[in-house]
């Protein structure tokens, strides 16, 4: 059984900061935990814009506080996000996450799991972990 509290993650090597300051990802479960997925709490900063394209991962995101939006790069369609909103990138969808008027706190699940230190590459993807 794995039991953790977010206080153990904050300030540890499981807390990853975007170099541009757009988000903070607190990686609660990682590949080394052996669950077959990773689980993250991410803070999306208000007023930011982050383009992503997870070619190597599927992701589901659930908003638990704050607000923002997700934009589908293929269609231009934009969906407002607030507490209780969920989106799933089931087709490796290229997208833009827009921070709203306040920080948005989301819970994310990645398959396959990330190893822990990943940040987005130039194309907005995480690399596939070989380890």
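The values are calculated or read from the model by the stated rules, or taken from the named source; none is laboratory data. All figures in this text were calculated on a predicted structure; none of them were measured in a lab. No Cβ is skipped: glycine too gets one built from the backbone with ideal geometry, and neighbour counts run over all protein chains shown.
The residues in region 67-114 that are in a loop (DSSP other than H, G, I, E, B) and free of Cβ contacts under 8 Å to residues at least 12 places away in the same chain can be counted, and the count is 4.
Out of contact with any helix residue (DSSP H, G or I) (no Cβ under 9 Å at 6 or more places or on another chain), within 16 Å of residue 113 (Cβ to Cβ) and at pLDDT 95 or above - does that describe any residue in region 73-80?
no
Quick one: how many residues across region 62-95 are closer than 18 Å to residue 22 by Cβ and either crowded, with 16+ Cβ neighbours inside 10 Å or over 15 Å from the mean Cα position of the chain (by Cα) (or both)? Counting residues in region 62-95 that are closer than 18 Å to residue 22 by Cβ and either crowded, with 16+ Cβ neighbours inside 10 Å or over 15 Å from the mean Cα position of the chain (by Cα) (or both) gives 14. Against the conditions (1) out of contact with any strand residue (DSSP E or B) (no Cβ under 6 Å at 6 or more places or on another chain); (2) on the phi > 0 side of the Ramachandran plot; (3) modelled with pLDDT under 95, residue 127 satisfies every one except (2). Do you know which of the residues in region 3-26 that are farther than 18 Å from residue 52 by Cα and in contact (Cβ under 8 Å) with a residue 60 or more places away in the chain is surrounded by the most Cβ atoms within 10 Å (Cβ to Cβ)? By that ranking, first place goes to 14.
Would you check if there is a residue in region 29-49 being at positive phi, touching a residue at least 60 places away in the same chain (Cβ under 8 Å) and touching a strand residue (DSSP E or B) at 6+ places or on another chain (Cβ under 9 Å)?
Going residue by residue through region 29-49, those that are at positive phi are 34, 36, 47.
Checking which are touching a residue at least 60 places away in the same chain (Cβ under 8 Å) leaves us with 36.
Retained after the next criterion (residues that are touching a strand residue (DSSP E or B) at 6+ places or on another chain (Cβ under 9 Å)): 36.
Looking through region 29-49, at least one residue is at positive phi, touching a residue at least 60 places away in the same chain (Cβ under 8 Å) and touching a strand residue (DSSP E or B) at 6+ places or on another chain (Cβ under 9 Å).
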